[in-house]
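Colleague: Take this structure, written in structure tokens, and hold onto it; I'll ask about it next.
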Amino acid sequence: MNLSRQPGDRLGITLLVAASLHAFVILGITFKPFDRSKPDYRQQSLEVMVVRHPVNPPEEDEKPDFLAQTSQQGSGEMREPVKPSLEQTQAALPVQMQPAIQQPPPRLQKLITEISPVQTEITPPRDEPTPQPSASQLLASKNIEIARLTAELERKTLAYARMPKRKAISASTKEYKYAAYLDAWRRKVERIGNLNYPDQAKRDQLYGNLVLHVAVKADGSVELVRVLHSSGHKILDDAAVRIVRMSAPFSPFPTEIRKETDILDITRTWQFLRSGKLDSE
């Protein structure tokens, strides 16, 4: 028997083997549609919990509920096994290993305090009825107020009575008793002033007018002297004040003036003339 095969047989066998292999590959591969409603587990995050190993390892549980890095003992109050969360694991860590709580910056914390003030409940006071005073109390209060006003009026009257009586006179005063006293007073001041005219005013040829106020007491003494309107030269102003004080004391008040006043306020205009003399108006 001749076992040799012809080239055509070998080609047929080869084609048969190749067709068998292609049919196996094609029939063995299946296609499945992609379901977008189901989550893609490749994109899920991995939650890692780190637990500190205890010094004394606890007893191993033959039937653990979950697999962990080390054995964990719960409180035993839960009937259903619950998977521990990351927050619970962090709470179980020592203080040194717990993450620090970040406080807001001082400016942000102040802004939060101003925006959300603490509401304090304030209880309004109760309105209590005010007791009405009786008729006797009102009468007593009126009497006390009248007595106070009477005492105040008496005090002011007494103080006013003790005040010295003043009389203002000037060159325009026409009443005889005051006009006569004023004329005598003026002549004495002019006489003393011409005798004590300031030498520097004569050398520098200073002249001018000034208004002088002189307060004369009943005994003829001077209470005060002041310049109401300056002459423009301090030498002349000071000389006028000095001349009045040099002229004091003046004559005491006559009886008819003393009965009416205690102080005479004399206002006169004094003139330092170019001729070196003192005159008054």
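Colleague: If you go through segment 193-233, how many residues are more than 30 Å from ASP262 (Cβ to Cβ), open to solvent by 20 Å² or more (accessible area, probe 1.4 Å) and of a type in the set (A, V, I, L, M)?
Modeller: 2
Colleague: So, GLU190, is that one assigned to a helix (DSSP H, G or I) and modelled with pLDDT under 95 or not?
Modeller: Details: assigned to a helix (DSSP H, G or I): yes; modelled with pLDDT under 95: yes.
Here the answer is yes, as GLU190 does meet what is asked.
Colleague: Same structure, new question: Checking LEU236 against (1) of a type in the set (A, V, I, L, M, F, W, C); (2) open to solvent by less than 80 Å² (accessible area, probe 1.4 Å); (3) within 17 Å of SER170 (Cα to Cα); (4) within 57 Å of the chain's Cα centre (by Cα), only one condition comes out false. Which one?
Modeller: Condition not satisfied by LEU236: (3).
Colleague: Quick check: is even one residue across segment 177-188 buried (at least 17 other Cβ atoms within 10 Å of the Cβ) and of a type in the set (Gly, Ala, Ser)?
Modeller: The answer is no; no qualifying residue exists.
Colleague: Given (1) outside any helix (DSSP H, G or I); (2) open to solvent by less than 70 Å² (accessible area, probe 1.4 Å); (3) not aromatic (Phe, Trp, Tyr), identify the lone condition not met by ALA159.
Modeller: ALA159 satisfies every listed condition except (1).
Colleague: Let me ask another. Here are some conditions: (1) exposed (fewer than 10 other Cβ atoms within 10 Å of the Cβ); (2) within 48 Å of the chain's Cα centre (by Cα). SER141 meets all but one. Which one does it not meet?
Modeller: Failed condition: (1).
Colleague: What about ASP219, is it in a loop (DSSP other than H, G, I, E, B) and touching a Phe, Trp or Tyr at 6+ places or on another chain (Cβ under 9 Å)? Explain how you work it out, then say what you get.
Modeller: Working: in a loop (DSSP other than H, G, I, E, B): yes; touching a Phe, Trp or Tyr at 6+ places or on another chain (Cβ under 9 Å): yes.
Yes.
Colleague: Tell me, which residue of segment 239-281 that is among the hydrophobic types (A, V, I, L, M, F, W, C) and part of a loop (DSSP other than H, G, I, E, B) is surrounded by the fewest Cβ atoms within 10 Å (Cβ to Cβ)?
Modeller: Selected residue: LEU273.
The values are calculated or read from the model by the stated rules, or taken from the named source; none is laboratory data. Every value quoted in this text rests on a predicted model; they were computed, and no experiment measured them. No Cβ is skipped: glycine too gets one built from the backbone with ideal geometry, and neighbour counts run over all protein chains shown. Only protein heavy atoms, including side chains, enter the accessible area calculation; ligands, DNA and RNA are left aside. Shrake-Rupley method; radii C 1.70, N 1.55, O 1.52, S 1.80 Å.
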